[in-house]
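Following: one structure in structure tokens, then a few remarks.
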Amino acid sequence: MTASPLSLGYLVFEASRLPDWQRFCQQVLGLGAPLVNIDGSQGWQIDGASQRLIVQPGPADDIAAIGFECADDAALDAVLARLESAGSPARPADIPLRKARRVQRLYTLRDPEGNAVELFTGLAPAAQPFASPFFPSGFCTGEGLGLGHAVLVARDLERLEAFYMALPGFAVTERLAARTGPIEVRGTFLHCNRRHHSLALLALPLGKRLHHFMLQARELPSVGTAYERARQLKVPISLGLGQHPAPDGTFSFYGATPSGFDFEIGALTREINPGGWQEQHTGETSAWGHQPTWRLRMRMAAGLLRHRTGLLRRRRAKV
């Protein structure tokens, strides 16, 4: 049972190259052999739960589902009631999907941009304690914190924010308004427990639904060794070592997964008091470092070009 009404329980990715993900999870993230689920997906353990990162075969190379763990059945029922009253009812999942996710209760729906959202209780425990030679102290997930965080790309930031704010326990930690070269970046960081954000929404001209996911190491040296390991393995780095500004404070780096969206490995993330938190605003994404690589600059430029071309086509269609 978790200590907060909600936490980020698991992430499901759809990948066209499952063997590449197996190597990535083993060699970069330092995870053990995956579980094989009845639907053909594979799940990786990062703590005492049976699986937190789930990869299923398919062509999308993007997020397939976001799983939010409810503290107990009463918390799940409260979430379902709130969604029903907001006009976004969730439906019970079928037995094969529930078994594949290894949970006791499971409900599904989609957010306004088509992302699958799964609400559950009773994630099965792992058969053995988590152990990794690359992260000897493991990852920070306990006491209701859940799996790190996920950042979605928002086409309609306000509408997407309103949907997630309808879930009991979600509130705005911080709003971002910044500029990176020619690109204006707007974002909303949402908390549902003591994490600065379990979910963030970024309005960016990118083709993927998922911008990145983050795993929080317990020890700072694990971030440095992960960065060196990623470079040695020629993992494309998006942002070098750096630190996010307070109140987050995470020291981290970003790199590309085999599916093209990013991962972040961090440490030193500060916690907030959700009960007394006052919404904050920021104009910077990093206090220092996190220098964008050539790969990221080209990716953003291409996304901006696609975005502007799409706007031009829509304007011409209206004439």
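The values are calculated or read from the model by the stated rules, or taken from the named source; none is laboratory data. Please read these numbers as outputs of a predicted model, since none were measured by experiment. Every residue, glycine among them, receives a Cβ derived from its backbone with ideal geometry; neighbour counts consider all protein chains shown. All accessible areas refer to the heavy atoms of the entire protein, side chains included, with ligands and DNA or RNA removed. Shrake-Rupley method; radii C 1.70, N 1.55, O 1.52, S 1.80 Å.
Contact annotation: residue pairs with Cβ atoms under 9 Å, 6 or more positions apart or on different chains, pairing a residue in the stretch 106-117 that is more than 21 Å from His211 (Cα to Cα) with a partner that is among the aromatic types (Phe, Trp, Tyr) and modelled with pLDDT of 95 or more, are Leu106/Phe120; Tyr107/Phe120. Name the single residue that is surrounded by the most Cβ atoms within 10 Å (Cβ to Cβ) among those in the stretch 33-46 being β-branched (Val, Ile, Thr) and touching a residue at least 60 places away in the same chain (Cβ under 8 Å). The selected residue is Ile46. For the stretch 257-291, the set of residues classified as under 16 Å from Leu220 (Cβ atoms) and of a type in the set (Val, Ile, Thr) consists of Ile265, Thr269, listed by residue number. Of all residues in the stretch 161-202, those satisfying the criterion of being assigned to a strand (DSSP E or B), surrounded by fewer than 21 Cβ atoms within 10 Å (Cβ to Cβ), more than 13 Å from the chain's Cα centre (by Cα) and touching a residue at least 24 places away in the same chain (Cβ under 8 Å) are Ala171, Val172, Arg175, Leu176, Ala177, Ala178, Thr180, Ile183, Val185, Arg186. Output yes when any residue across the stretch 279-301 is in contact with an Asp or Glu (Cβ under 7 Å, 6 or more places away or on another chain), at pLDDT 95 or above, surrounded by 11 or more Cβ atoms within 10 Å (Cβ to Cβ) and within 30 Å of Trp21 (Cβ to Cβ), and no when none is. For the stretch 279-301, residues in contact with an Asp or Glu (Cβ under 7 Å, 6 or more places away or on another chain), at pLDDT 95 or above, surrounded by 11 or more Cβ atoms within 10 Å (Cβ to Cβ) and within 30 Å of Trp21 (Cβ to Cβ): absent.
When each of Leu152, Leu157, Leu97, Leu106 is tested for being under 18 Å from Pro5 (Cα atoms) and of a type in the set (A, V, I, L, M), the lone residue that passes is Leu106.
Would you mind stating whether Glu113 is open to solvent by 70 Å² or more (accessible area, probe 1.4 Å) and either part of a loop (DSSP other than H, G, I, E, B) or out of contact with any helix residue (DSSP H, G or I) (no Cβ under 8 Å at 6 or more places or on another chain) (or both)? Spelling it out, it is not the case that Glu113 is open to solvent by 70 Å² or more (accessible area, probe 1.4 Å) and either part of a loop (DSSP other than H, G, I, E, B) or out of contact with any helix residue (DSSP H, G or I) (no Cβ under 8 Å at 6 or more places or on another chain) (or both). Filtered by the rule that a residue be more than 17 Å from the chain's Cα centre (by Cα), among the hydroxyl-bearing types (Ser, Thr, Tyr) and either modelled with pLDDT under 95 or within 30 Å of Ser88 (Cα to Cα) (or both), the stretch 119-152 gives a lone residue, Thr121. Looking only at residues in the stretch 47-85 that are part of a helix (DSSP H, G or I), in contact (Cβ under 8 Å) with a residue 12 or more places away in the chain and open to solvent by 10 Å² or more (accessible area, probe 1.4 Å), the one that is nearest to Leu6 (Cα to Cα) is Ala75. Just for the stretch 119-139: of the residues that are free of Cβ contacts under 8 Å to residues at least 60 places away in the same chain and under 24 Å from Asp73 (Cα atoms), which one is most open to solvent (accessible area, probe 1.4 Å)? Filtering the stretch 119-139 for residues that are free of Cβ contacts under 8 Å to residues at least 60 places away in the same chain and under 24 Å from Asp73 (Cα atoms), the one most open to solvent (accessible area, probe 1.4 Å) comes out as Gly122. Against the test of being open to solvent by 40 Å² or more (accessible area, probe 1.4 Å) and outside any helix (DSSP H, G or I), the options Glu143, Glu158 yield a single qualifying residue, Glu143.
Within the stretch 1-32, the set of residues being among the hydrophobic types (A, V, I, L, M, F, W, C), buried (at least 21 other Cβ atoms within 10 Å of the Cβ) and either out of contact with any strand residue (DSSP E or B) (no Cβ under 7 Å at 6 or more places or on another chain) or assigned to a loop (DSSP other than H, G, I, E, B) (or both) comprises Phe24, Leu29, Leu31.
Taking first residues from the stretch 86-99 that are closer than 21 Å to Asn37 by Cβ and open to solvent by 60 Å² or more (accessible area, probe 1.4 Å) and partners that are aromatic (Phe, Trp, Tyr) and modelled with pLDDT of 95 or more, the Cβ contacts under 6 Å between residues at least 6 apart in sequence or on separate chains come to Pro92/Tyr107.
Checked across the stretch 247-269, the condition of being among the polar types (S, T, N, Q) and more than 21 Å from Gln291 (Cβ to Cβ) holds for at least one residue.
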